[in-house]
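Notes follow the structure.
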Amino acid sequence: MKTTTSESIRKREQGILLMLTHVWSQLTQAHPLLTRPEDRRRSVLLAQMTLTITLVSALASLFLMAREGRVTGTVVAVWFADALTLGIYSLNRRGYFRAGSMLFVGLNFVLIHFAPLLTQDSAWLLFSGMLMIIAATLLPIRSMIVLFIASLAAQIILGYTNPMTLSLGNLGIGIVFTISTLIFLVFFAHRAGLERDQRAALETANLRLRENETALERRVEERTREAVAAKEEAEVARERAERADRVKTRFLGNISHELRTPLNAILNFVEFVTLEMYGPISPEQRDALQNSLSSGQQLLSLINDLLDMTRIDAGMMQLLIEPRVDVHEIVKPVLPMIPTMRGDKPIQFITDIDDQLPPVSADHRRVRQVLLNLLSNAYKFTEHGSVTLSIKHQHPYVLFCVSDTGPGISPSEQEVIFKPFTQALNVEHRLQGGTGLGLAISRWLVSAHEGNLWVESDAGDGAAFFFTIPVSDPQPSDDIQASAMPDPNRND
Ligand code: ADP
């Protein structure tokens with residue numbers, strides 16, 4: 001029973017304490033506009049000091065009134081000072097913490113240094129030490145130093161001009177003692193609070209730093225793992241692609257080679273029959289045989305292109321460069337093929353070949369192959385007009401040009417057509433058949449000669465294909481570069 005009563009008393013005490021603490025903290029909390037922790041702490045401190053001083057002074061004035069039995073001049077002075085302190089309190093609670101601090105320190109400075117004149121009691125100057133502590137907590141260090149010098153000067157001047165006694169009564173000492181103790185308490189609470197806040201902020205920052213570090217380490221680990229996995233994957237994919245590429249190249253090489261041999265035999269026999277080596281044939285039979293022959297030749301050139309492309313892809317295409325090749329010798333065998341290329345289209349063949357051309361350093365069969373490819377394209381895509389072959393010496397190259405009056409090639413397609421298996425988007429071009437390999441092979445062959453192959457054309461206004469082959473060295477070496485792979489393509 002006894003225990004229950006004391007427990008309930010304790011609980012009530014705790015409740016009252018809690019309520020008082022709550023009311024106190026509500027009365028002294030900083031304005032939400034103050035965001036810096038340091039300013040918030042100082043604002044709380046100012047609120048606590050102004051409230052404490054007001055309360056203690058009010059109590060002291062009541063006590064004085066009770067003792068004197070009337071409202072004395074001192075009581076009125078204390079009330080006046082209280083009213084001013086309360087004004088500063090409310091200014092601070094509205095967020096004007098700096099102005100409040102200055103006014104508070106200023107007001108106390110004036111009170112402390114003028115009170116001795118009014119009361120002829122220098123005991124008031126005892127408060128000046130306290131004022132310094134207040135200034136140290138509320139104002140910047142510079143203001144505090146100014147205040148210290150001003151106070152010292154005021155005290156010296158007062159000492160000379162108004163020598164007075166230190167006649168503080170017991171009550172006065174009590175008041176000075178109470179107020180200074182309270183102010184010290186508030187000051188140390190403020191310091192402790194500041195340190196607590198700083199420690200907490202430091203710990204939070206540390207914690208966040210450690211969290212960030214761990215997250216960073218985890219992310220680095222993850223990325224490294226991902227990068228390693230991606231690298232391994234890429235490696236596997238590359239190996240697989242290379243293997244597939246090798247298989248494809250070998251397969252294409254074999255199959256093209258295997259196709260060429262019987263096809264050549266078929267073409268030869270068809271030609272023999274056409275030439276009536278096995279007896280006379282009727283005109284209808286000749287026509288049919290001619291058709292078979294030209295289809296067979298198309299097939300053969302397609303197979304040759306595939307074989308060339310396969311070799312280029314595999315890095316196995318090599319040229320048989322001769323140091324001094326006569327350009328006319330390259331061109332001569334091409335000219336008799338023109339009528340076959342033209343067919344029955346009304347196209348004029350124009351040549352503009354310099355008589356005096358320097359020898360070139362070239363694989364003459366391959367240069368002829370490029371020339372044939374460009375000429376057969378020109379005839380393939382041109383319906384009427386002309387095809388011109390011009391060959392000029394433009395040191396250090398011999399410049400070949402095959403131009404036509406065909407449909408031309410739009411600028412957007414002028415690079416695309418040099419990619420393997422690519423044809424211009426024009427439907428008419430596609431109707432002409434072809435694989436889209438000729439230009440890719442030609443460009444490769446020309447650049448293997450250290451020359452260039454390019455096109456100049458306006459869509460609808462013909463096309464001109466140019467390529468350059470370097471002129472022979474003035475002192476040519478007679479070395480002949482041997483081909484790495486036997487080239488079954490050569491049949492001239
Ligand atoms: P193919 O002629 O077998 O299609 P090419 O690589 O020789 O392959 O040519 C690629 C494409 O370039 C052709 O399909 C055609 O669209 C375009 N082309 C080439 N030469 C000409 C030309 N003289 N006039 C117009 N277009 C051309």
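No lab work stands behind these numbers, since they all come straight from the coordinates. Note that the structure is a prediction, hence the values are computed from the model and not measured. Neighbour counts run over all protein chains shown; Cβ positions are idealised from the backbone, glycine included.
At a glance:
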| read-out | value |
| --- | --- |
| Residue range of the chain that is longest and free of chymotrypsin sites (Phe, Trp or Tyr not before Pro) which are both DSSP loop and sparsely packed (at most 15 other C-beta within 10 Å) | 1-277 |
| Distance violations [Cα-Cα > 23 Å] among 332/392; 332/380; 231/419; 248/380 | 231/419; 248/380 |
| Contact order normalised by residue count of the range 10-168, Cα under 8 Å, 6+ apart, percent | 19 percent |
| Förster radius 56 Å - calculated FRET efficiency between residue 218 and residue 454, Cβ distance, rounded to 0.05 | 0.55 |
| DSSP H segments from the chain that extend 18 Å or more along their own axis, Cα-based, with Kyte-Doolittle mean of 0.0 or above | 37-68, 73-93, 97-119, 141-161 |
| Amide N of the range 93-130 lying under 15 Å from the label point, which is placed 7 angstrom from the Cα of residue 33 along Cα→Cβ | 93-101 |
| Efficiency of FRET from Cβ geometry, residue 233 and residue 412, R₀ 45 Å, rounded to 0.05 | 0.80 |
| Where a label projected 7 Å from the Cα of residue 298 along Cα→Cβ would reach, residues of the range 347-376 with amide N under 16 Å | 376 |
| Dmax and Rg, reported as Rg then Dmax, of the range 10-168 (C-alpha, Å) | 17.8, 59 |
| Beta bridges by DSSP in the chain, antiparallel share as percent, to the nearest 5 | 75 percent |
| GluC sites (Glu not before Pro) within the range 194-258: DSSP coil, no more than 11 neighbouring Cβ in 10 Å | none |
| Residue-span extension gain [residue 157 to residue 58] - 0.36 nm each, minus C-alpha spacing | 32.5 nm |
| Per-bin percent of Cα-Cα distances, the range 328-411 [5 Å] | 3, 14, 25, 25, 16, 11, 5, 1 |
| Stretch gain in nm, segment residue 120-residue 13, where the contour uses 0.36 nm per residue and the Cα spacing is subtracted | 33.9 nm |
| Relative contact order for the chain, counting Cα pairs under 8 Å that sit 6 or more residues apart, in percent | 10 percent |
| Label-point separation, residue 211 to residue 240 (7 Å along Cα→Cβ), nm | 4.2 nm |
